[in-house]
1. What number of residues within segment 75-115 satisfy the criterion of being of a type in the set (A, V, I, L, M), in a loop (DSSP other than H, G, I, E, B) and under 28 Å from ILE31 (Cβ atoms)?
2. Take the conditions surrounded by 14 or more Cβ atoms within 10 Å (Cβ to Cβ), among the hydroxyl-bearing types (Ser, Thr, Tyr) and either under 22 Å from MET66 (Cα atoms) or in contact with a Leu (Cβ under 8 Å, 6 or more places away or on another chain) (or both) and apply them to THR129. Does it pass?
3. Residues of segment 103-141 being of a type in the set (Gly, Ala, Ser) and farther than 19 Å from GLU151 by Cβ, which ones?
4. For the condition in contact (Cβ under 8 Å) with a residue 40 or more places away in the chain, in a helix (DSSP H, G or I) and under 30 Å from ILE57 (Cβ atoms), what is the one hit in PRO136, PRO118?
5. In this structure, is GLU150 touching a helix residue (DSSP H, G or I) at 6+ places or on another chain (Cβ under 6 Å), touching a residue at least 40 places away in the same chain (Cβ under 8 Å) and acidic (Asp, Glu)?
6. I'd like the residue in segment 77-95 that is modelled with pLDDT under 85 and of a type in the set (Asp, Glu) and, out of all such residues, is surrounded by the most Cβ atoms within 10 Å (Cβ to Cβ).
7. What pairs come up if the first residue lies in segment 170-185 and is at pLDDT below 90, the second is outside any helix (DSSP H, G or I) and hydrophobic (A, V, I, L, M, F, W, C), and their beta carbons are under 8 Å apart, counting only those six or more places apart or on different chains?
8. Can you tell which of SER69, SER100 is touching a Phe, Trp or Tyr at 6+ places or on another chain (Cβ under 6 Å), polar (S, T, N, Q) and under 20 Å from PHE183 (Cα atoms)?
Amino acid sequence: MNTGWNKKEKMKIKTTPSVIIRILIWIIILIGGVYCGIKHDLIYFKSCFSNPFFHIISFLIGFILMKLSFHAAAVGGRELKKYGKEGDIPRLETNKLVTSGIFKCFRHPMLFGLSFVPLAIALIIGSPTFILFIAPLEMIFILIMVLVFEEMECYKKFGKDYEIYKKKTPIFSKKLNCYKKLFIS
């Protein structure tokens, strides 16, 4: 009996090498942050790292931050999926410039939200070194990747339209209402 779809085709994910490379870099820095943070904590922050009260509070804050980060990614992702694609293009890619909804507030709302993931992971595992030193550096690195690679790709794809959009829309919004839309709505 033919069910109308081929399992092999259904399991195949289409995306560009650029997206895959950025995801791999992100995974590597997160795993490296966890490893380096815990290794350093076991030597220099043993009392804090082994404190259950610290871990409970840290875990709860990290869990909330992780939920907020993924919520931001979902908000932007839904709008990109709805308005940013025309035709059959690879997953996680767009071919239409989206300037409405949350994209009126932020140029890269999904990536802005996801930039908090290193701090969320650091808090979840309760690593003082990761929380204080490594996560902030990773967050800056992610934001730099956004500013360099995402902006460059947007210029390539959308040209003059993106320049106009960039002049009107900040990378980070100054409006509290925009942050509510991104993290809470």
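1. Total satisfying the criteria: 1.
2. yes
3. Within segment 103-141, ALA120, ALA122, GLY126, SER127, ALA135 meet the criteria.
4. Selected residue: PRO118, the only one of PRO136, PRO118 that is in contact (Cβ under 8 Å) with a residue 40 or more places away in the chain, in a helix (DSSP H, G or I) and under 30 Å from ILE57 (Cβ atoms).
5. Criteria not met by GLU150.
6. GLU93
7. From segment 170-185, the pairs are PHE172/PHE106.
8. Only one candidate qualifies: SER69.
The values are calculated or read from the model by the stated rules, or taken from the named source; none is laboratory data. Quick caveat, the model's predicted, so the values are computed rather than measured. When we count neighbours, we look across all protein chains shown, and the Cβ atoms used for this are built from the backbone with ideal geometry, even at glycine.
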